[in-house]
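Every number here is computed from the coordinates shown, using simple stated rules; none is lab data. Please read these numbers as outputs of a predicted model, since none were measured by experiment. Cβ: placed from backbone, ideal geometry, glycine included. Neighbour counts: every protein chain shown.
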Amino acid sequence: MTVAPGNRTVCIVLGRESMKGVNMERREFLKAAGAAAGSCALSPQTLLTGASAVSGGDAKDTGLPRRVLGRTGEKVSIVAFPGLALAQLSQEEGTAGVHRAFDQGINHFDVAPAYGDAEVKMGPALQGLDRNRIFLSCKTKMRDKDGARKELERSLTRLKTDYFDLYQMHHIRWPQEVKQALGPGGAIETFLKAKEEGKIRHIGFSAHTTKGALEMLRGFQFDSVMFPLSYVDYLNWGFGKAVVEMARERGAAVLAMKAIYAGAWPEGATRTRQWWYRPLEKDEEIELALRFALSQPGVATTVPVSYLDLLDKCIKAARSYQPITEVEVAKLQELAKGCGSVFRKEDDEAAAGHLSRASFHPDSPHECCPFANA
């Protein structure tokens, strides 16, 4: 059955009551619920590859292509608005930035409660824009049912909306937190219930380790996975390849983070920005890096580094998107040589099955304490 929040029609996930009389293990129930969520939309076979793009709506006027977000059937701009940028701006500056991005063809706006006061600023900034033309995504770092519900409701209030197009478990790293989030009393219970209520339309997650992402994809039929997909780590040590492949197998769309990340800051280097990794600055390099990420299979969109001037450069590059060529990949391989990684150490820790309480990059806005009740 379906319900329509506003003028949107959404699928109702298989609820607990419909399971009465059926002797089914919890994991099987979650898999069934995830499959039911996906069955209301397009099949995994319709997932677009990175080389494909479609235009529609605002894209025709702005030249910014859109892609289908996996099985959801939603069309999203191939560059998303990084809500974290608002934490560095005044309300007036943030509102102007949101409206300018919308006018340039961006319809996907991403934010999270972990991003300082970004949610508080994005709510007012979105006012005056047609909600039906916006794909709004939010996240939670809470791994338990009650914590996730509290954060979801607060985010809805802050963002002045009654539903999220995409709600995601934020910053997954360790297998242990995957077990908590998908287990009894875990955040997934809130996600499924909220989907029944029409407060969530699609379910996804973001991850910073390969092990964490793969465990999530195995444990539930997610609609999307947000993962770092930079030419530096992808070409230097294959970071992202396994996640892209499993997402493709599972029919989950990929939201590429860190597309214009150029690795760790070299020791002693003068930082052009006070940021936890080194972003590309030159237009031609940004274009190549963005096209590299968008050319990977299943990638629907990219979320740029959280500076509005770099967002503008990404929008400019995306308007002339063409699949990356072998010659251009060779150029990126040269650029990647000698670049350090901010992800390698924690990825190795997760692969080894450790639950580290160390702060791998304390200046990152994504850094958080390990999951609740660890």
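What to note about this one:
- Cα principal axis extents for the stretch 195-317, largest first, Å: 48, 31, 24
- Rg/Rg_globular for the stretch 85-158, with Rg_globular taken as 2.2 N^0.38 Å and Rg from C-alpha atoms: 1.12
- Ranked for footprinting exposure by Cβ neighbours inside 10 Å, fewest first, S90, S155 give S90, S155.
- Fraction in percent of alpha-carbon pairs per bin - 10 Å, the stretch 124-268: 11, 38, 32, 16, 2, 0
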